[in-house]
Amino acid sequence: MNAIDAATIARDVRARKTSAGEVVTAALGRIAARNPAINAFTRVLGDEALAAAKRIDEAIARGGDPGPLAGVPFAVKNLFDVAGVVTLAGSKIHADRPPATRDATAVARLRAAGAVLVGALNMDEYAYGFTTENTHYGPTRNPRDLTRVAGGSSGGSAAAVAAGMVPLALGSDTNGSIRVPAALCGVFGLKPTYGRLSRAGAVLFASSFDHIGPFARTTRDLALAFDVLQGPDAADPVCTARPAEPCAGELDRGSAGLRIAIADGHFSTGGAPECHDAVARVADALAATRSVLLPEAHRARAAAFVITTSEGAQLHLESLRTRAKDFDPLIRDRFLAGTLVPAAFYARAQRFRAWFRDRVREVFRDVDVLLAPTTPWPAPKIGQEMSVFNGAEVPTRPMMGIFTQPLSFVGLPVVSVPVTRPGALPVGVQVIAAPWNERAALRVAATLEAAGIVAAPAAELQGAQG
Amino acid sequence: MTDLAAIEAYVDHAASLVGLTLTPEQRDGVVRNLATTFAVAQLVLDFPLPDDVDAAPVFEA
């Protein structure tokens, strides 16, 4: 069975045109066929998924409604708690811990909507990376080109969706960890407003910036998942008390009435021309001609860097003191160095965040949506240390977040949309909205999808059957 | 740009104070990464931020 989108699966399962059992069996078959080449999954929960699918089919047979995601297979970055499974967070250190006793809020909400969890997905250790070249569990390979990285830190999530193994996955984004892999793998990824979705039961990295969000191959699926995930949760102290603002019913409204502009300055230069060409194509399709400046965006990125390394290091301080050798060598020295950052630097960065937030708020008085590239390059080769940016050789991995970091720094909602480039590696464009206006970003993404400017077909894998 | 030797001296003293025991390889990596962090942080420190800009944690009943 070919990869099908979540909305179609749920419709057909609820209409009894197919069964959750058939859908999940097919998904497990695709995972068995495709995952060995890609290494997206660190754990496949086959028996548990088939049992859950059976319960959904039984509920439908009794005349019940299992929910808007009935029978939809999904998988989660392995930093989400899943009852009965050890939460790895990409680490060897957490592998020694007992299994989680309950599901993360996001996992529980997807399951309550009828979705079926089929496994856990690879990531950069403790989410501190943009490439998912995990030394303990191996690199996740990009389904569009197996010699290249999937992006990170939610690389397994983006790759599992891009390869058609699941129509839906969850990831987390601190500085770009949903948007970067979505762009490199050519799928849709949503990083909602900071505080919109509960992070309870997800291993945090730098709490000031940690968000969770979905990946999908269509805007509709992204919105369906987002709607199910919304709602207050006392278990996450930053989760908003605002009521849910459903988006799936808004997608057909198009982008009419939205004021759309291109992000200038920091976001408009450097890296591969195709990443900036993609922004121009998207802007043309939306008839967006204005450019606006987010002032001091390069300093916003710098402040995000300082806060991230400081908060991440304090979270893992005990392990860094007692078992530093068990960290991924690609990550370890950054965490160690983070323990030594002067507190004055951290506090100044947090104050700068307030200043930048106020400037961004002013910009959004005149526009509703901003456009910017997601990454400076299409997917780099696995192991690629250096790349060219503005004529200079720069370290590839940290630079992948240059266009995403200033935005998560102030919690803006962003959809990374995959721009179609037949025969070439995918590139992503960030569709950025004001805080709490995910609807605007999703409406623009849906408009671009309807116009054929963005799309996320499942990758064809050479030699893969099923 | 902070002098690399100064970063090395800082790491050698501060690491033990926060309870880290660094191998020579880790020490080199920490120096390299901390030098980057100091350079990056300078972009933030150089910005003339008004004193009344407050990170402002807000607590509501």
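Residues being open to solvent by less than 70 Å² (accessible area, probe 1.4 Å), assigned to a helix (DSSP H, G or I) and within 14 Å of chain B (Cβ to nearest Cβ): count how many of those fall in the stretch A:281-298.
Final tally of qualifying residues: 1.
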Next item on the list: Tell me which of these residue B:43 doesn't satisfy, since it passes every other one: (1) closer than 20 Å to residue A:320 by Cα; (2) outside any loop (DSSP other than H, G, I, E, B).
Entry: (1)
Next item on the list: Scan the strands (runs of 3 or more DSSP E) fully inside the stretch A:100-211 and keep the ones with 1 or more residues being over 29 Å from residue A:275 (Cα atoms).
Entry: A:116-121
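Listed here are the residues, each with its yes/no results for (1) closer than 26 Å to residue A:272 by Cβ; (2) not charged (D, E, K, R).
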position: A:359; (1), (2): no, no
position: A:370; (1), (2): yes, yes
position: A:376; (1), (2): yes, yes
position: A:389; (1), (2): yes, yes
position: A:393; (1), (2): yes, no
position: A:401; (1), (2): yes, yes
position: A:433; (1), (2): yes, yes
position: A:437; (1), (2): no, yes
position: A:454; (1), (2): yes, yes
Check: Limited to the stretch A:94-112, what total is found for residues that are open to solvent by less than 10 Å² (accessible area, probe 1.4 Å) and touching a helix residue (DSSP H, G or I) at 6+ places or on another chain (Cβ under 7 Å)?
Finding: 2
Note to self: Just the residues that are within 14 Å of another protein chain (Cβ to nearest Cβ) and open to solvent by 60 Å² or more (accessible area, probe 1.4 Å), please, taken from the stretch A:392-401.
What the structure shows: A:395, A:398
Notebook entry, point to check: Quick check: anything in the stretch A:328-341 within 21 Å of residue A:131 (Cα to Cα), of a type in the set (A, V, I, L, M) and over 23 Å from the mean Cα position of the chain (by Cα)?
Noted result: yes
Next item on the list: Could you run through the stretch A:1-51 and say how many residues are of a type in the set (A, V, I, L, M) and more than 25 Å from the chain's Cα centre (by Cα)?
Entry: 6
Next item on the list: Determine whether residue A:423 is part of a loop (DSSP other than H, G, I, E, B) and more than 30 Å from residue B:20 (Cα to Cα).
Entry: yes
Note to self: Looking at the stretch A:317-338 only, could you name the residues that are in contact with a Ser or Thr (Cβ under 9 Å, 6 or more places away or on another chain) and touching a residue at least 60 places away in the same chain (Cβ under 8 Å)?
What the structure shows: A:319, A:326, A:327, A:328, A:329, A:330, A:331, A:334, A:335
Next item on the list: Could you list, in sequence order, all residues of the stretch A:411-431 that are among the hydrophobic types (A, V, I, L, M, F, W, C) and either modelled with pLDDT under 95 or surrounded by fewer than 21 Cβ atoms within 10 Å (Cβ to Cβ) (or both)?
Entry: A:424, A:425
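Within the stretch A:9-27, take every residue that is basic (Lys, Arg) and free of Cβ contacts under 8 Å to residues at least 24 places away in the same chain and give me the one that is most open to solvent (accessible area, probe 1.4 Å).
Going through the qualifying residues, I end up with A:17.
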Notebook entry, point to check: So which helices (runs of 4 or more DSSP H) are wholly in the stretch A:300-391 and hold at least 3 residues that are within 9 Å of chain B (Cβ to nearest Cβ) and of a type in the set (A, V, I, L, M)?
Noted result: A:343-366
Checklist line | Yes/no for residue B:39 being more than 7 Å from chain A (Cβ to nearest Cβ), surrounded by fewer than 16 Cβ atoms within 10 Å (Cβ to Cβ) and in contact with a Ser or Thr (Cβ under 8 Å, 6 or more places away or on another chain) | finding: yes
Next item on the list: Starting from the stretch B:22-45, keep only residues that are closer than 13 Å to residue A:307 by Cα, then list their pairs with residues that are not in a helix (DSSP H, G or I) and not hydrophobic (A, V, I, L, M, F, W, C) whose Cβ atoms are within a distance under 7 Å, requiring at least 6 positions of separation or different chains.
Entry: B:38/B:2
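The values are calculated or read from the model by the stated rules, or taken from the named source; none is laboratory data. From a predicted model like this one, the values you see are computed outputs, not experimental measurements. Every residue, glycine among them, receives a Cβ derived from its backbone with ideal geometry; neighbour counts consider all protein chains shown. Please note that ligands, DNA and RNA were not included when accessible areas were found on the heavy atoms of the full protein model with its side chains. Shrake-Rupley method; radii C 1.70, N 1.55, O 1.52, S 1.80 Å.
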